[in-house]
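The values are calculated or read from the model by the stated rules, or taken from the named source; none is laboratory data. This structure is a prediction, so every number in the text was calculated from the model and none was measured. Glycine gets a Cβ as well: all are built from the backbone with ideal geometry, and neighbour counts include every protein chain shown. Side chains included, ligands, DNA and RNA excluded: accessible areas come from the protein's heavy atoms. Shrake-Rupley method; radii C 1.70, N 1.55, O 1.52, S 1.80 Å.
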Amino acid sequence: MPDIAPDWHLSLTDSVYALGAAARELRTAHSHARHAAWTADPARIVPVVGVLTVPDAEPVRPHDEALWQLSDLYMVLEHQTKELYENAALGYAYGTAVAVAAVLRSERPRHVELPRDRHGNYTVTADGIPDVSQSVTSDAGGHELADLRALLIESEQAQNAAEAHGEAEFSTTVADLAYAYGERAGRTLQHLIRFADAHGFLQAG
């Protein structure tokens, strides 16, 4: 049987890229949902004054009703896509950091490994992301990884505290920071793989 171990880095980078692509799709979906909610906001649309009479009921304004129904639907969609984007971005950040940490340990994982719950959500948090910055040079993004990780943890803690007090703002800060971390960690992974290739380490062992 042929030895396929030398291809481990190709499937690993494919795995990381797929995580990023998933986060990008959900980020786009959330952006569309926000725009849809804005376009149907009853507070910004000139109302149509026509009234509809209904037997044995109070008259209704069909245009107002349509706007409020759409507003409710889009609000739910906006909230759901925000949660999906945040979870996917955290998975991207966590999974890519795990891949970097494994390569730094001279391991050769073929895929990113991530824990998920029975609903398919990644069970990861910002403070659970491995801190690989101390093992990575500045050229490979060590300082950027450290700064992004610190900001991400701080933002997640602030969001959790706000939610616990019922004061959460509708923000994608955590998701955006997690995605930025995943992007930076992905470039770090590519740097490590290029270094390993240049020194003949990819197929070693």
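Exposed loop sites here mean GluC sites (Glu not before Pro) with a DSSP loop assignment and at most 16 other beta-carbon atoms within 10 Å; the chain contains its longest site-free run at 1-106.
Hey, in the GNM for the chain with a 10 angstrom Cα cutoff, which one of D117, D139, D147 fluctuates hardest? For the chain, modelled as a Gaussian network with Cα springs under 10 Å, the answer is D117.
If the viscosity is 0.692 mPa s and the temperature 37 °C, what translational diffusion coefficient in µm²/s does Stokes-Einstein give for segment 29-132 when Rh comes from Kirkwood over Cα pairs?
Approximately 188 µm²/s, per Stokes-Einstein.
If R0 is 25 Å, the Cβ-Cβ spacing of I45 and E83 corresponds to a FRET efficiency of close to 0.40.
Below 8 Å, C-alpha to C-alpha, sequence gap of six or more: please give me the relative contact order for segment 1-110 in percent. Don't jump to the answer; show the numbers that get you there.
Values: 85 pairs, mean separation 45.9, N = 110.
It rounds to 42 percent for segment 1-110.
Taking one quarter of the surface of the convex hull spanned by the alpha-carbon atoms of the chain gives a direction-averaged projected area of 17.4 nm². How far apart, in nm, are two points set 7 Å out from the Cα along the Cα-to-Cβ line at D117 and at L104? For the pair D117/L104, the computed spacing is 2.9 nm. Eigen-decomposition of the gyration tensor built on the alpha-carbon atoms of segment 86-205 gives equivalent ellipsoid semi-axes of 30, 16, 10 angstrom, largest listed first. Are there any trypsin sites (Lys or Arg not before Pro) in segment 30-103 that are in a DSSP loop and have at most 14 other Cβ atoms within 10 Å? List them by number. Those that pass, being in a loop and sparsely packed, are R44.
Compared with the alpha-carbon gap, the fully stretched path from Q69 to R187 is longer by 38.1 nm at 0.36 nm per residue.
How long is the gain from H32 to A57 if the chain were fully straight, where each residue apart is worth 0.36 nm and the alpha carbon distance is subtracted? Please report the intermediate quantities before stating the final value.
Numbers: separation 25, 0.36 × 25 = 9.00 nm, distance 3.69 nm.
5.3 nm is the gain from fully extending H32 to A57.
Entry comment: accessible area of segment 62-152 is 56 Å² per residue, from protein heavy atoms only and a probe of 1.4 Å.
Taking every C-alpha pair closer than 8 Å and separated by at least 6 residues, the mean separation divided by the residue count of segment 18-69 gives a relative contact order of 27 percent. Result for the chain in a Gaussian network model with C-alpha springs under 10 Å: among Q134, Q157, Q80, the largest mean-square fluctuation is at Q134.
Quote the FRET efficiency, to the nearest 0.05, computed for S11 versus S138 with a Förster distance R0 of 22 Å and r equal to the Cβ-Cβ distance. For S11 and S138, the calculated efficiency is 0.15. Distance between the pseudo-spin-label points of A146 and F195 (7 Å out from Cα toward the beta carbon): 1.5 nm.
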